Amino acid sequence: MPALKPGGAAEFPQPTPMSTIQPIAGELEPHPDVALVERVRAGDVSAYDELVRKYDRQVFRIAQHITQNREDAEDVMQDAFLKAYEKLDQFQGNSKFYTWLVRIAVNESLMRLRKRRTGKMVSIDEDIETDEGSVPRDLADWAPDPEQNFTQSELRSILEKTIKGLPPGFKVVFELRDVQGLSTEDTAEALGLSIPAVKSRLLRARLQLRERLSRYFRKKKGSREVGVEK
Amino acid sequence: MTCTEFLALLDDLIDDTVTTEMRADLQEHLRGCEHCEVTLSTTRKTIQIYRSHQIYDMPAGLRDRLHAAIMARCKKGC
């Protein structure tokens, strides 16, 4: 297993932002999105097309995580980008464009979910009571590269099935922090959550996913061969 | 350090936001606790797998269709 280097950093790399989400390198250097937003405000629609292409996959995944429905996710993605365009004058620039866009996409996703549940309130910031994952139960170690025991489509199916059962508030925090590489602060701002709430959800999401994936990835007992249980 | 205390700091350890002193305490616990060692390694692996095998990707055709719809509406002033 990866171990900690004595006195050094953990061997596992820090969550690195995806190539499309660039960190602000210091206060004096403006985020590249700022120039694109300014061009859109000046009437250059092609600059908005750049923003759409830069973030559409991420927005789609967030919508899919919350709505759990491909058609809804498509509609949410379209509505979120249109709404962001309409409201661009309200974007102050004191938050990142993507953080602001995620907030719109999350609200659109929740509205879509509410419609499907015939008006029942759905919220991303409701306290989710669950004991699952708070204490690890399945403590079997995994094979060294467990994903290699599956085809790409099998693995994708396992990963989708595994994350599907988590509460929406857990899934989106995990997606933003661990997959897309947003900071805790940006995730909190995008979701309208406190920083402790983001941290709490992230820990529980990570542990629950780990526990569920163990069903597929753990070593077989009593065998020297690396195996999996399907 | 107990396993519960270790677990409370698991994310900080994974995200590398612990102090040198705290890291030493966590390492000390890991040396004598196989359960926490497995929890740490498999949690890291969970994150790594989700990051490197991104799910819910959009088909190319859908992407182009949605782009066309968005651009058409935006050019009309939304």
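Data overview
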read-out: Search result, residues across segment A:184-217 that are small (Gly, Ala, Ser) and either in contact with a Leu (Cβ under 9 Å, 6 or more places away or on another chain) or closer than 27 Å to residue A:149 by Cβ (or both); value: A:190, A:197, A:205, A:214
read-out: Verdict on residue B:27 being under 30 Å from residue A:73 (Cβ atoms) and either polar (S, T, N, Q) or in contact (Cβ under 8 Å) with a residue 60 or more places away in the chain (or both); value: no
read-out: Filter result for residue A:230 (at pLDDT below 90 and either closer than 19 Å to residue B:53 by Cβ or part of a helix (DSSP H, G or I) (or both)); value: yes
read-out: Conditions (1) closer than 14 Å to residue B:55 by Cα; (2) surrounded by fewer than 22 Cβ atoms within 10 Å (Cβ to Cβ); (3) not basic (Lys, Arg): number failed by residue A:93; value: (1)
read-out: Count of segment B:28-52 residues which are at the interface with another protein chain (Cβ under 9 Å from one of its Cβ atoms) and buried (at least 16 other Cβ atoms within 10 Å of the Cβ); value: 16
read-out: Residues (touching a helix residue (DSSP H, G or I) at 6+ places or on another chain (Cβ under 9 Å) and without any contact (Cβ under 8 Å) to a residue 12 or more places away in the chain) located in segment A:202-221; value: A:203
read-out: Residue under evaluation residue B:14, criteria (1) surrounded by fewer than 15 Cβ atoms within 10 Å (Cβ to Cβ); (2) more than 29 Å from residue A:76 (Cβ to Cβ); (3) at the interface with chain A (Cβ under 8 Å from one of its Cβ atoms); (4) not charged (D, E, K, R), criterion not met; value: (1)
read-out: The one condition in (1) touching a Cys at 6+ places or on another chain (Cβ under 8 Å); (2) closer than 23 Å to residue A:185 by Cα that residue A:85 fails to fulfil; value: (2)
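The values are calculated or read from the model by the stated rules, or taken from the named source; none is laboratory data. Model, not experiment: these values are computed from the prediction. Using ideal geometry, Cβ is built from the backbone for each residue, glycine included, and neighbour counts are taken over all protein chains shown.
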